[in-house]
Amino acid sequence: MATRSRSGLPRRIVVTGASGNAGTALLSRLAAHPEQPDIVAIARRIPPARDPYVGVTWCALDIADPDAEHVLTPIFAGADAVVHLVWGFQPSHRRDYLHRVGVDGTRAVMTAAAAAGVRHVVHMSSAAVYSAGAYGREVDESWSRDGVPTCVYSVDKVDAERFLDDFEKDPNAPVVTRFRPGFIGQSVAGPGLERYVLPEFVPSAITKHLPVMPIDRSLAVPAVHSDDVARASIAALERRAPGPFNLAAPTPVGAADFAAPFGCPTVPMPWRSLSAVAEATWRLRLQPVQGGWIDLAYNCPMLDCGRAREELGWSPVHDGPEVWSETVHGMQEGTGTGSPVLSVRTARERLAALVERGPIDRRIPS
């Protein structure tokens with residue numbers, strides 16, 4: 001039987017992807033919650049036992065494993081709610097693996113939650129599900145969800161939500177909350193972002209010494225702080241709130257905001273040209289970021305967060321440019337955590353991983 005604290009927070013919560021960016025922020029928030037719920041945390045690699053990763057029960061699992069559903073079902077047994085945060089960004093040249101993590105992993109989590117009798121699942125979707133056509137304008141949760149076809153991340157987020165559309169038709173399915181945030185950032189997420197976007201052979205110090213930044217000055221990217229996402233997650237858990245919720249700060253990250261933390265001059269360049277260059281260098285294995293990410297940045301709309309404000313009582317504490325600046329400074333200063341996902345890696349460690357296991361955009365995580 002599901003149980004809830006006096007505040008309405010479930011007493012036993014399972015968090016997948018608990019060692020990542022959003023998961024770390026959520027664990028910090030839950031640890032400070034006066035009701036102190038029982039937390040089971042799932043990650044591919046268990047972080048060292050120090051804050052905010054202590055005081056929870058850890059289970060090691062790669063959500064992409066074919067038997068993930070059967071492993072998850074007994075873990076979910078007795079849980080009042082599940083918060084599903086797992087997603088994969090690399091290896092970008094292993095499309096099959098990314099699909100197994102994002103789409104098949106979501107299916108495994110939802111199916112296992114239903115089998116275990118879990119009453120509520122919070123799913124971390126993305127503003128990337130929204131169709132192009134409203135760039136620079138706010139859309140609410142009813143905007144069409146065809147995504148950006150050239151961006152693998154967007155395509156898989158759309159596919160995961162389409163699965164949820166069918167899943168929720170079952171009257172025995174748990175209540176599902178879908179969050180659709182913009183870029184999620186915080187200081188300790190910087191090292192993870194660096195690892196995803198910089199080739200291993202490029203020294204991390206380059207982020208402090210960029211000579212110039214080509215950018216399309218029409219840039220307007222919705223962003224939200226990881227802690228603000230954690231607060232929204234707790235509000236949804238307390239209310240067992242169904243349906244989709246946009247999450248973003250009022251001010252988007254513009255071109256000047258994007259370049260400011262790097263302290264370098266900008267050069268105007270059309271975003272389609274930026275995308276073409278990124279795609280070509282990605283195909284040549286010169287850098288790990290596919291051109292579709294540029295397409296997403298210049299097609300994702302702004303987000304109307306009125307529903308989260310009215311139904312969850314949520315409003316962001318941090319503004320968009322602040323979120324981006326904090327994340328970049330975290331990348332430049334090496335402000336990570338003990339989590340393998342957010343840890344700071346030396347140049348020697350990065351080169352060792354390159355030699356032993358190949359580039360991050362091709363190697364299956366171990």
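Are any of the residues in the stretch 305-320 modelled with pLDDT under 90, in a loop (DSSP other than H, G, I, E, B) and surrounded by fewer than 18 Cβ atoms within 10 Å (Cβ to Cβ)? Quick ask: steps written out before the conclusion?
Step one: list which residues in the stretch 305-320 are modelled with pLDDT under 90, which gives none.
Checking the stretch 305-320: not a single residue is modelled with pLDDT under 90, in a loop (DSSP other than H, G, I, E, B) and surrounded by fewer than 18 Cβ atoms within 10 Å (Cβ to Cβ).
If you take the residues in the stretch 260-274 that are assigned to a helix (DSSP H, G or I) and more than 22 Å from the chain's Cα centre (by Cα), which one is surrounded by the most Cβ atoms within 10 Å (Cβ to Cβ)? It would help to see each step written out before you state the result.
So the first thing to find is which residues in the stretch 260-274 are assigned to a helix (DSSP H, G or I), and the list is 260-262, 271-274.
Among the residues that remain, those that are also more than 22 Å from the chain's Cα centre (by Cα) are: 260, 262, 271-274.
Details: Ala260: 16, Phe262: 17, Trp271: 17, Arg272: 13, Ser273: 12, Leu274: 19.
Looking at the filtered set, the residue picked out is Leu274.
Exactly one of these conditions fails for Leu98: (1) modelled with pLDDT of 95 or more; (2) within 19 Å of the chain's Cα centre (by Cα); (3) surrounded by fewer than 20 Cβ atoms within 10 Å (Cβ to Cβ). Give me its number.
Status for Leu98: all satisfied but (3).
For the stretch 173-227, which positions are of a type outside the set (D, E, K, R), in a strand (DSSP E or B), in contact with a Ser or Thr (Cβ under 7 Å, 6 or more places away or on another chain) and within 14 Å of Ala22 (Cα to Cα)? I'd like the intermediate steps shown before the answer.
Step one: list which residues in the stretch 173-227 are of a type outside the set (D, E, K, R), which gives 173-177, 179, 181-193, 196-199, 201-207, 209-215, 218-226.
From the residues that got through so far, the ones that are in a strand (DSSP E or B) too are 175-177, 179, 181, 183-185, 213-215, 220-221, 223-225.
Next cut, in contact with a Ser or Thr (Cβ under 7 Å, 6 or more places away or on another chain) only: 179, 181, 184-185, 213, 215.
Within the stretch 173-227, Phe179, Pro181, Ile184, Gly185 meet the criteria.
Any residue in the stretch 116-130 that is more than 17 Å from the chain's Cα centre (by Cα), over 18 Å from Asp62 (Cβ atoms), of a type in the set (S, T, N, Q) and at pLDDT 95 or above? Spell out how you get there, then give the answer.
Residues of the stretch 116-130 more than 17 Å from the chain's Cα centre (by Cα): 116-120.
Keeping just the survivors that are over 18 Å from Asp62 (Cβ atoms) gives 116-120.
This time we only want the ones that are of a type in the set (S, T, N, Q), so: none.
Within the stretch 116-130, not a single residue is more than 17 Å from the chain's Cα centre (by Cα), over 18 Å from Asp62 (Cβ atoms), of a type in the set (S, T, N, Q) and at pLDDT 95 or above.
What tally of residues in the stretch 279-296 results from selecting those that are closer than 11 Å to Thr150 by Cβ and either buried (at least 19 other Cβ atoms within 10 Å of the Cβ) or of a type in the set (Gly, Ala, Ser) (or both)?
Within the stretch 279-296, residues that are closer than 11 Å to Thr150 by Cβ and either buried (at least 19 other Cβ atoms within 10 Å of the Cβ) or of a type in the set (Gly, Ala, Ser) (or both) number 7.
Within the stretch 143-159, does at least one residue satisfy the condition of being in contact (Cβ under 8 Å) with a residue 60 or more places away in the chain and either in a strand (DSSP E or B) or on the phi > 0 side of the Ramachandran plot (or both)?
No, the stretch 143-159 contains no residue that is in contact (Cβ under 8 Å) with a residue 60 or more places away in the chain and either in a strand (DSSP E or B) or on the phi > 0 side of the Ramachandran plot (or both).
Would you point out which residue out of Thr327, Thr337 is buried (at least 18 other Cβ atoms within 10 Å of the Cβ), at pLDDT 95 or above, among the hydroxyl-bearing types (Ser, Thr, Tyr) and closer than 23 Å to Ser28 by Cβ? Give the steps one after another, and end with the answer.
On the way: Thr337 fails: at pLDDT 95 or above.
Going through Thr327, Thr337 in turn, the sole match is Thr327.
Name the residue that is farthest from Pro214 (Cα to Cα), counting only residues in the stretch 266-322 that are polar (S, T, N, Q) and out of contact with any Phe, Trp or Tyr (no Cβ under 9 Å at 6 or more places or on another chain). First the steps, then the outcome.
Residues of the stretch 266-322 that are polar (S, T, N, Q), as a first pass: 266, 273, 275, 281, 287, 290, 299, 315.
The next check asks that each one be out of contact with any Phe, Trp or Tyr (no Cβ under 9 Å at 6 or more places or on another chain); those that pass are 273, 281, 287, 315.
Working: Ser273: 10, Thr281: 15, Gln287: 16, Ser315: 33 Å.
Per the stated criteria, the residue is Ser315.
Of all residues in the stretch 160-182 being without any contact (Cβ under 8 Å) to a residue 40 or more places away in the chain and surrounded by fewer than 18 Cβ atoms within 10 Å (Cβ to Cβ), which is farthest from Val221 (Cα to Cα)? Spell out how you get there, then give the answer.
Step one: filter the stretch 160-182 for residues without any contact (Cβ under 8 Å) to a residue 40 or more places away in the chain, giving 161-162, 165-166, 168-169, 171.
Still in the list and also surrounded by fewer than 18 Cβ atoms within 10 Å (Cβ to Cβ): 162, 165-166, 168-169, 171.
Working: Arg162: 24, Asp165: 27, Asp166: 30, Glu168: 30, Lys169: 33, Pro171: 37 Å.
The residue in question is Pro171.
Looking at Gly78, Gly55, which one is of a type in the set (Gly, Ala, Ser) and closer than 14 Å to Ala18 by Cβ? Talk me through it step by step, then tell me what you get.
Working: Gly78 fails: closer than 14 Å to Ala18 by Cβ.
Just one listed residue meets the conditions, Gly55.
Among the numbered conditions (1) surrounded by fewer than 20 Cβ atoms within 10 Å (Cβ to Cβ); (2) under 27 Å from Thr24 (Cβ atoms); (3) touching a helix residue (DSSP H, G or I) at 6+ places or on another chain (Cβ under 8 Å), tell me where Asp216 comes up short.
(2)
Quick one: how many residues across the stretch 306-328 are among the small types (Gly, Ala, Ser) and touching a Cys at 6+ places or on another chain (Cβ under 9 Å)?
Of all residues in the stretch 306-328, those among the small types (Gly, Ala, Ser) come to 306, 308, 313, 315, 320, 325.
After this cut, where a residue has to be touching a Cys at 6+ places or on another chain (Cβ under 9 Å) as well, the list is 315.
Of the residues in the stretch 306-328, 1 are among the small types (Gly, Ala, Ser) and touching a Cys at 6+ places or on another chain (Cβ under 9 Å).
In the stretch 101-128, what residues are farther than 23 Å from Asp170 by Cα and part of a helix (DSSP H, G or I)? Step through it out loud before you land on a result.
Step one: list which residues in the stretch 101-128 are farther than 23 Å from Asp170 by Cα, which gives 101, 126-128.
The answer is Val101, Ala127, Ala128.
The values are calculated or read from the model by the stated rules, or taken from the named source; none is laboratory data. Remember, predicted model here, so these are calculated numbers, not experimental data. Using ideal geometry, Cβ is built from the backbone for each residue, glycine included, and neighbour counts are taken over all protein chains shown.
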